[in-house]
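The values are calculated or read from the model by the stated rules, or taken from the named source; none is laboratory data. Quick caveat: nothing in here was measured; it's all calculated off a predicted structure. Note that we place each Cβ from the backbone using ideal geometry, even for glycine, and neighbour counts take in every protein chain shown.
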Amino acid sequence: MPSAWPLQRIDHIGVAVRSIAAAARLYREAFGLHVDPPEALPANGVTVAFITVGDTQIELLEPLGADSPVARFLDRRGEGLHHVALAVGDVAHALEIARGAGFTPLDAHPRPGAHGTRIAFLHPRDAHGVLIELVERAA
Ligand code: CO
């Protein structure tokens, strides 16, 4: 792996759920955590809600429609861990390095994510079954 990988930390862990309302209740009541208001991302086919846990976050993902990739994930595998998001300073640069390292990007170019972020996904077959999201937060 090139030493130039600009990974900074785990930005968040994505969890696919059928109902953000039901999952948010669990995180609030069982763990006493604050759940941010849900944000619909029609271009990505999901509604998301973030839960801050220490210096990282859990992202709840609920499908917006039956043709959403997250809906297909839920049908195939049920609720559970969906992706691990790694923070990078420059997602376009990270995508180039990923290509050079043999990863198969699912996004040819970075695209908008929640809260003004820029994101790109890498295919899980290149990472031992884990879907990896590269995420760049606005400065
Ligand atoms: Co994510």
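May I ask you to list the residues in the range 114-127 that are in a loop (DSSP other than H, G, I, E, B) and either modelled with pLDDT of 95 or more or within 17 Å of PHE73 (Cβ to Cβ) (or both)?
HIS123, ALA127
Kindly indicate the residue of the range 1-50 that is in contact with a Lys or Arg (Cβ under 9 Å, 6 or more places away or on another chain) and closer than 30 Å to PHE103 by Cα and also surrounded by the fewest Cβ atoms within 10 Å (Cβ to Cβ) among those meeting that condition.
So the residue we want is ALA43.
Pick from the range 123-138 the residues that are under 23 Å from GLN57 (Cβ atoms) and acidic (Asp, Glu): which of them is nearest to the ligand (Cβ to nearest atom)?
Looking at the filtered set, the residue picked out is GLU133.
Being in contact with a Pro (Cβ under 9 Å, 6 or more places away or on another chain) and not acidic (Asp, Glu): is that true of ALA98 here?
Against the criterion (in contact with a Pro (Cβ under 9 Å, 6 or more places away or on another chain) and not acidic (Asp, Glu)), ALA98 qualifies.
If GLU79 satisfies all but one of (1) closer than 21 Å to LEU134 by Cβ; (2) touching a residue at least 24 places away in the same chain (Cβ under 8 Å), what's the number of the condition it fails?
Going through (1) closer than 21 Å to LEU134 by Cβ; (2) touching a residue at least 24 places away in the same chain (Cβ under 8 Å) one by one, GLU79 breaks only (1).
Which ones in the range 83-122 are within 12 Å of the ligand (Cβ to nearest atom) and either aliphatic (A, V, I, L, M) or over 14 Å from ALA43 (Cα atoms) (or both)?
HIS83, VAL84, ALA85, LEU86, ALA87, ALA114, ILE119, ALA120, PHE121
Do you know which of the residues in the range 1-42 that are touching a helix residue (DSSP H, G or I) at 6+ places or on another chain (Cβ under 7 Å) and part of a strand (DSSP E or B) is modelled with the lowest pLDDT?
In this case the residue turns out to be LEU41.
Name every residue in the range 46-96 that is among the aromatic types (Phe, Trp, Tyr) and part of a loop (DSSP other than H, G, I, E, B), in order of residue number.
none
What number goes with the only condition from (1) at pLDDT 95 or above; (2) surrounded by fewer than 19 Cβ atoms within 10 Å (Cβ to Cβ); (3) closer than 16 Å to LEU131 by Cα that PRO69 does not pass?
Evaluating PRO69 over (1) at pLDDT 95 or above; (2) surrounded by fewer than 19 Cβ atoms within 10 Å (Cβ to Cβ); (3) closer than 16 Å to LEU131 by Cα leaves (1) as the failure.
Can you confirm whether THR47 is more than 12 Å from the ligand (Cβ to nearest atom) and either touching a strand residue (DSSP E or B) at 6+ places or on another chain (Cβ under 9 Å) or of a type in the set (A, V, I, L, M) (or both)?
It is true that THR47 is more than 12 Å from the ligand (Cβ to nearest atom) and either touching a strand residue (DSSP E or B) at 6+ places or on another chain (Cβ under 9 Å) or of a type in the set (A, V, I, L, M) (or both).
Would you check which residues across the range 50-88 are touching a strand residue (DSSP E or B) at 6+ places or on another chain (Cβ under 7 Å) and of a type in the set (Gly, Ala, Ser) and list them?
Selection gives SER68, ALA71, GLY80, ALA85, ALA87.
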